[in-house]
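Read the structure below first, then the notes.
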Amino acid sequence: MLHGFARIWCGGTALAESIKIADNPNISTETWDTFFETFVDPSSWPNWPCKNPPPPPNLSFLQELDLRNTNAIGPGLIQLAKQFHGLRSLKLSSHSKKTSWDATGVVGVAQILNSLAVGGAPLERFEGNGLDASCSEALFEHCSSLKELSLTGFVGDATQLLCGWPQSKLSITIGSGYVNSHSQWSDPSGHGFAPCSLIIDNAEGFGVEAMAIISTHAPGLKQLVIYNMDYLKLLTAAPVLAGDRKSTRLN
């Protein structure tokens with residue numbers, strides 16, 4: 001596969017704009033690392049059919065990357081992500097049937113997001129599975145360009161993502177597949193913003209915890225959509241959110 005991709009990407013005129021290598025759960029992280037690291041430095045791969053390795057690919061035109069349902073999160077992708085100067089859409093998730101990634105996977109996602117920030121990628125859409133609050137700061141690095149954020153299988157305290165943004169203009173969908181870590185959610189600092197549009201799923205009580213946070217601290221919130229929650233559980237939040245009808249629409 002390296003030979004085929006190198007023929008397309010390295011030194012040629014076919015500049016990839018969209019790459020989907022999703023749904024490959026049986027390829028190991030070590031294999032993905034070799035694949036990605038070879039494109040960072042083609043000379044590291046000894047098995048090229050020609051005498052000299054090809055030049056590194058020009059991936060500055062890449063706008064969309066879909067790696068869902070794979071083990072691709074690793075050092076190779078972290079390094080290669082610095083070359084995704086034009087990336088606008090990134091989709092990452094684990095193939096694992098477990099409820100969340102291990103610590104290495106979560107940290108790897110944050111490092112990939114940081115690499116994109118270093119490369120100046122204008123990231124507009126991000127879809128992630130199994131993340132936790134440790135990825136918040138990495139996501140905040142893209143707040144000036146992010147428009148849509150979708151997080152499934154989120155683990156634990158989501159306070160920062162609900163009301164800790166440096167500015168308010170994006171749409172967040174969060175809560176589906178929530179993993180309750182049974183730890184208390186933190187109190188808002190009072191220095192951040194809620195997203196402009198917030199879509200919440202009350203899976204495993206995520207919505208109940210979220211309402212306790214945004215009912216007292218949700219500057220910037222314009223639209224709130226809640227799924228799988230009965231009205232009684234909304235009673236504490238609804239009066240506060242509906243009080244300023246010019247700024248908040250409760251669906």
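Sort 185-193, 216-224 by the packing proxy (mean of other Cβ within 10 Å over each peptide's residues), most packed first.
Working: 185-193: 14.3, 216-224: 19.0.
Sorting 185-193, 216-224 by mean packing, highest first, produces 216-224, 185-193.
Please list, by residue number, every one of the trypsin sites (Lys or Arg not before Pro) in the stretch 4-74 that is coil in DSSP and has at most 11 other beta-carbon atoms within 10 Å. Intermediate values should be presented prior to the final figure.
Values: sites: 7, 20, 51, 68; in loops: 51.
Loop-located and lightly packed - 51.
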Computed for the chain: size of charge dipole around the Cα centre, +1 on C-beta of each Lys and Arg, -1 on C-beta of each Asp and Glu, debye to nearest 20, value 620
For the chain, the percent of accessible surface on carbon and sulfur atoms (probe 1.4 angstrom, ligands and nucleic acids excluded) is 52
Quick calc, residue 215 & residue 26: beta-carbon distance into FRET formula, R0 41 Å, rounding 0.05, result 0.35
Residue-normalised value, i.e. accessible area per residue, for the stretch 106-237 at 1.4 Å probe, in Å², stands at 41
Calc'd 3J(HN,Hα), the stretch 61-76, phi into Karplus 6.51 cos²θ - 1.76 cosθ + 1.60 (θ = phi - 60°), Hz, glycine/Pro = x, comes to 8, 5, 10, 9, 9, 10, 10, 5, 6, 9, 9, 6, 5, x, x, x
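For the chain, what proportion of DSSP beta bridges, expressed in % and rounded to the nearest 5, is antiparallel?
Taking every DSSP beta bridge with both residues in the chain, the antiparallel ones total about 5 percent.
When the helices in the chain are scored as -39500 (n - 2.57) per DSSP H run of 4 or longer and the sum is shared across all residues, what 222 nm value do you end up with, to the nearest 500 deg cm²/dmol? Don't jump to the answer; show the numbers that get you there.
Working: 8 runs with 68 residues, N = 251.
The helix contribution divided over the chain gives -7500 deg cm²/dmol.
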Once the dipole of the stretch 146-226 is set up from charges on Cβ (+1 Lys and Arg, -1 Asp and Glu), the residue from the list 180, 165, 155 lying farthest towards its positive end is 165
Rounded to the nearest 5, the percent of DSSP beta bridges in the stretch 57-205 running antiparallel is 5
Restricting to Cα pairs under 8 Å and 6 or more apart, the percent relative contact order of the stretch 134-205 works out to 36
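The values are calculated or read from the model by the stated rules, or taken from the named source; none is laboratory data. Just so it is clear, the structure is predicted and the values come from calculations on it, not from any experiment. Heads up, the Cβs are rebuilt from the backbone with ideal geometry, glycines too, and the neighbour counts pull from every protein chain shown. To get the accessible areas, we keep the full protein, side chains included, count just its heavy atoms, and leave off ligands, DNA and RNA. Shrake-Rupley method; radii C 1.70, N 1.55, O 1.52, S 1.80 Å.
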